[in-house]
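Comments concern the structure below.
Readers should treat all values here as calculations from the given coordinates under stated rules, not as data from a laboratory. Everything numeric in this text was worked out from a predicted model, so none of it was measured. Here Cβ is always computed from backbone atoms with ideal geometry, including for glycine, and neighbour counts include all displayed protein chains.
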Amino acid sequence: MSTLKRLKQAALHSLKTVGAFRAVHGSAWRRRRLLILAYHGVSLEDEHRWDGALYLSAELFRSRMQALAASGASVLPLGEAVERLYAGDLPDRAAVITFDDGNYDFRARAFPVLREFGFPVTLYLTTFYSRFNRPVFDVFCSYLLWKGRARTLDLRGLTGADERFDLKGAGARAAVSARLRGLAREEGFSAVEKDELLRRLASRLDLDYEELAGRRLLHILKPEEVSELAAAGVDVQLHTHRHRTPSDRALFGREVEENRAEILSMTGRGADHFCYPSGVYERAFLPWLEELGVRSATTCEPGYASRESARLLLPRLLDVSSLSGVEFEAWLTGVAAALPRRGASGGDAAYGAQPAARA
């Protein structure tokens, strides 16, 4: 733990001791603001040890929901929360829960906990890998390299390059992952060809690809699973079809419309709320989203939404494994707004700084 983080936690504990958490939590300032919580995954197995920015352990996620319930927060459906925010009609301590991507672990791990607490949830679903139901290429590439981190990998049989990497270091693994993603992009690999590349990578790392894939690790929900969740009350919303936001207006519109059509076919409901893949956006996207009838869009920039927030640039708190319990509580109460932050808490970290194509 860094010195800055230790000092921050000590300050928060002191503020809690003197009653600042309680005072801010019940304040008019907090009543005028909406906290939108963002999650990506809850581990089926060891995913949180691979990437704690994308995955929480099942135990940690449950503790977060327990803290949310204990705080007396008013957890609202996203659509209702957005309308009440701009109407100036939020209830006390308003919060929203969102999940990005639509991974299988949402159904297996997260939704049972949410249902137990009676919390509504919005699932921003990217749809290509729902029908092509294999491991998502970019993230599974990274995961396989982490699983094989005790090995040295020769890339000649994968990329043709005469390069060897000791996978113990995170930097080496990131470099290999970048090379494999670059190969797939430059060669224009189809989803089937990407899946075959993952199989070859796993083989060179002495990992059983089909056994790992059979556990549904880093898989998107199947269409019938999305239908089941929607029938159980999950609000399914837009996250693009291929987890990418092209800078071309027509291509951008196609990503949203294909995503919307797939969600309609799976749920029987329209979708008009959007989440930027990887948390990355351009100002040019805003009028395009308006033309597409999108009512709100969320980022991964940390903060509280207020009536002054742009509807298509709503901030969220990306909850990550490294966030301590007292830091999470500070966000629930509103105290976190007074603390300095070093920029965004991150988007879909494993996808990198640019929008990542899933297909």
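Rounded to the nearest 0.05, what FRET efficiency do Thr17 and Glu45 give with R0 = 45 Å and r taken as the Cβ-Cβ distance? Could you check?
Details: r = 38 Å, r/R0 = 0.85.
So, using R0 = 45 Å, E works out to roughly 0.75.
Roughly speaking, what is the centre-to-centre gap between the stretch 50-113 and the stretch 126-197 when only Cα atoms are used, to the nearest Å?
32 Å
Starting from 0.36 nm per residue, how many nanometres of slack lie between Ser265 and Glu291 once their C-alpha separation is accounted for? Please list the in-between numbers first.
Working: separation 26, 0.36 × 26 = 9.36 nm, distance 2.18 nm.
Extra length available between Ser265 and Glu291 comes to 7.2 nm.
What ranking of Glu163, Glu301 emerges when the number of other C-beta atoms within 10 Å of each C-beta is taken as an exposure proxy, fewest first?
Values: Glu163 14, Glu301 20.
Fewest to most other Cβ atoms nearby, the residues stand as Glu163, Glu301.
Near Phe328, within a Cβ-to-Cβ distance under 11 Å, what is the net charge of the other residues, with Lys and Arg +1 and Asp and Glu -1? All intermediate terms of the calculation are to be shown ahead of the outcome.
Numbers: positive: Arg64; negative: Asp319, Glu327, Glu329.
Neighbour charge sum, excluding Phe328 itself: -2.
Please work out the FRET efficiency for the pair Asp92 and Leu251, using the Cβ-Cβ distance as r and a Förster radius of 51 Å; give the result to the nearest 0.05. Mind dumping the intermediate values first?
Working: r = 43 Å, r/R0 = 0.84.
Once the sixth-power term is evaluated, E becomes 0.75.
When a footprinting reagent is the concern and you count Cβ atoms within 10 Å, what order do Val192, Val113 take, fewest first?
Lowest to highest Cβ neighbour count: Val192, Val113.
Going from the alpha-carbon gyration tensor of the stretch 137-214, what semi-axes, largest first and in whole Å, does one get by taking the root of 5 times each eigenvalue?
On the way: eigenvalues 59, 48, 23 Å².
Value: 17, 16, 11 Å, ordered largest first.
Through the Karplus equation 6.51 cos²θ - 1.76 cosθ + 1.60, θ set to phi - 60°, convert the phi angles of the stretch 220-227 into ³J(HN,Hα) values in whole Hz; use x for Gly and Pro.
Each residue's phi maps through the Karplus curve to give 7, 4, 6, x, 5, 6, 4, 4 Hz.
Across 5 Å bins from 0, what is the distribution of all Cα-Cα pair distances for the stretch 90-221, in whole percents?
Using 5 Å bins, I get a P(r) of 2, 9, 17, 19, 16, 12, 9, 7, 5, 3, 1, 0, 0 for the stretch 90-221.
Nearest 20 debye, what's the magnitude of the dipole of the stretch 1-132 about its Cα centre given +1 on Lys and Arg Cβ and -1 on Asp and Glu Cβ? Walk me through the numbers before you get to the answer.
Details: 18 positive and 13 negative charges, 139 e Å.
It works out to roughly 660 debye.
Can you tally the net charge around Gly157? Count Lys and Arg as +1, Asp and Glu as -1, for every other residue whose Cβ sits under 9 Å from the Cβ of Gly157. Mind showing how you got there, number by number?
Details: positive: Arg156, Arg200, Arg204; negative: Asp154.
Around Gly157, the surrounding residues sum to +2.
What is the sum of charges, Lys and Arg at +1 and Asp and Glu at -1, for the other residues whose Cβ falls under 12 Å from the Cβ of Leu15? Walk me through the numbers on the way to the answer.
Numbers: positive: Lys8, Lys16, Arg22; negative: Glu327, Glu329.
The answer is +1.
Mind giving me the FRET efficiency for Ser203 and Ser321? R0 is 41 Å, r the Cβ-Cβ distance, nearest 0.05 is fine.
0.85
As an exercise, identify the trypsin sites (Lys or Arg not before Pro) in the stretch 210-265 lying in DSSP coil whose Cβ has no more than 13 other Cβ atoms within 10 Å.
Details: sites: Arg215, Arg216, Arg242, Arg244, Arg249, Arg254, Arg260; in loops: Arg215, Arg216, Arg242, Arg244.
Passing sites in the stretch 210-265 are Arg215.
Please state the charge dipole magnitude for the stretch 137-214, taken about the Cα centre, from unit charges on C-beta atoms (+1 on K and R, -1 on D and E), reported in debye and rounded to the nearest 20.
Details: 14 positive and 14 negative charges, 69 e Å.
The calculated dipole for the stretch 137-214 is roughly 340 debye.
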